[in-house]
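Asks: Mind looking over this structure? Questions follow.
The values are calculated or read from the model by the stated rules, or taken from the named source; none is laboratory data. This one's a predicted model, so the numbers in the text were calculated from it and none came from an experiment. Note that we place each Cβ from the backbone using ideal geometry, even for glycine, and neighbour counts take in every protein chain shown.
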Amino acid sequence: MNPATEHTTNAAHSSPTPAEEQDAVDSIVPMIPYVLPMVGGVLIFLLAFIAVFLA
């Protein structure tokens, strides 16, 4: 009885493959360079509209 053959990790048997497991943060991160400038532009336009409306 070799102890090396008896020792197995659960990671190889019970964990799902990366293709099955998709984290919410990992799915959003690639869109940040496109979404962040658009949201910033909308926010600047909204703040400018409020400033002109109140002036």
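Asks: List pairs: first residue in region 9-32 and among the polar types (S, T, N, Q), second residue modelled with pLDDT of 65 or more anywhere in the structure, Cβ distance under 9 angstrom, at least six positions apart or on different chains.
Replies: Listed pairs, sorted by first residue: SER15/GLU21.
Asks: Output the number of residues of region 30-55 satisfying the condition of being of a type in the set (Gly, Ala, Ser) and surrounded by 10 or more Cβ atoms within 10 Å (Cβ to Cβ). Full working, then the answer.
Replies: Taking region 30-55 first, the residues of a type in the set (Gly, Ala, Ser) are 40-41, 48, 51, 55.
After this cut, where a residue has to be surrounded by 10 or more Cβ atoms within 10 Å (Cβ to Cβ) as well, the list is 40-41, 48.
Result for region 30-55: 3.
Asks: Would you list the helices (runs of 4 or more DSSP H) that sit entirely within the chain and hold 2 or more residues that are at pLDDT below 95 and small (Gly, Ala, Ser)?
Replies: Values: elements: 3-6, 11-14, 24-28, 32-54.
The helices (runs of 4 or more DSSP H) meeting that bar are 11-14, 24-28.
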